[in-house]
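Q: Let me give you the structure first, and then I'll get to my questions.
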Amino acid sequence: GCILKEKLYPFGEIARTEDCFRCSCSQHAMRCCSLFHTPTGYDKEKCKVVFNKKSCDYDVVDKSDPTKECFVYSRV
């Protein structure tokens, strides 16, 4: 298998790691890509970015009231 952050994964496709990556593990290499997109376009003065490990994505919320979501107009 392959080891990623001290955890052993079996050869083949890994749909989702603990850190929200999709990986392919072979005898020669382990290749991974993220399952999330980083927000870049939002009101940075009023809002903050928080990683949601359950959904494997970033939430953008109001700094003064984190229960309110902020509008995001671009992600990378």
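Q: Going through VAL50, VAL61 one at a time, which residue ends up being hydrophobic (A, V, I, L, M, F, W, C) and within 23 Å of ARG16 (Cβ to Cβ)? So that I can check it myself, show each step before the final result.
A: Working: VAL61 fails: within 23 Å of ARG16 (Cβ to Cβ).
Residue meeting the stated conditions: VAL50.
Q: Separate question: So which residues in the range 5-17 are of a type outside the set (Val, Ile, Thr), on the phi < 0 side of the Ramachandran plot and either open to solvent by less than 50 Å² (accessible area, probe 1.4 Å) or in the same structural domain as CYS56 (by the TED database) (or both)?
A: Our first condition is that a residue be of a type outside the set (Val, Ile, Thr); within the range 5-17, this holds for 5-13, 15-16.
Subset that is on the phi < 0 side of the Ramachandran plot: 7-11, 13, 15-16.
Matches in the range 5-17: TYR9 only.
Q: Restricting to the range 18-62, count the residues that are of a type in the set (S, T, N, Q), free of Cβ contacts under 8 Å to residues at least 12 places away in the same chain and open to solvent by 60 Å² or more (accessible area, probe 1.4 Å). Steps first, answer last, please.
A: First, the residues of the range 18-62 that are of a type in the set (S, T, N, Q): 24, 26-27, 34, 38, 40, 52, 55.
So of that shortlist, the ones also free of Cβ contacts under 8 Å to residues at least 12 places away in the same chain come out as 52, 55.
Now drop any that are not open to solvent by 60 Å² or more (accessible area, probe 1.4 Å), which leaves 55.
Final tally of qualifying residues: 1.
Q: Let me ask something else about it. Name the residue that is farthest from the chain's Cα centre (by Cα), counting only residues in the range 54-76 that are within 17 Å of CYS33 (Cβ to Cβ) and charged (D, E, K, R).
A: ARG75
Q: Still on this model: Take the residues in the range 2-44 that are assigned to a strand (DSSP E or B) and of a type in the set (Val, Ile, Thr); name whichever of them is nearest to ASP57 (Cα to Cα). Step through it out loud before you land on a result.
A: Our first condition is that a residue be assigned to a strand (DSSP E or B); within the range 2-44, this holds for 2-4, 7-9, 12-14, 21-25, 30-34, 39-41.
So of that shortlist, the ones also of a type in the set (Val, Ile, Thr) come out as 3, 14, 40.
Numbers: ILE3: 23, ILE14: 18, THR40: 13 Å.
Looking at residues that are assigned to a strand (DSSP E or B) and of a type in the set (Val, Ile, Thr), I get THR40.
The values are calculated or read from the model by the stated rules, or taken from the named source; none is laboratory data. Note that the structure is a prediction, hence the values are computed from the model and not measured. Reconstructed Cβ throughout: ideal geometry from the backbone, glycine too, with neighbour counts over all protein chains shown. Calculation scope for accessible area: heavy atoms of the full protein, side chains included, ligands and nucleic acids excluded. Shrake-Rupley method; radii C 1.70, N 1.55, O 1.52, S 1.80 Å.
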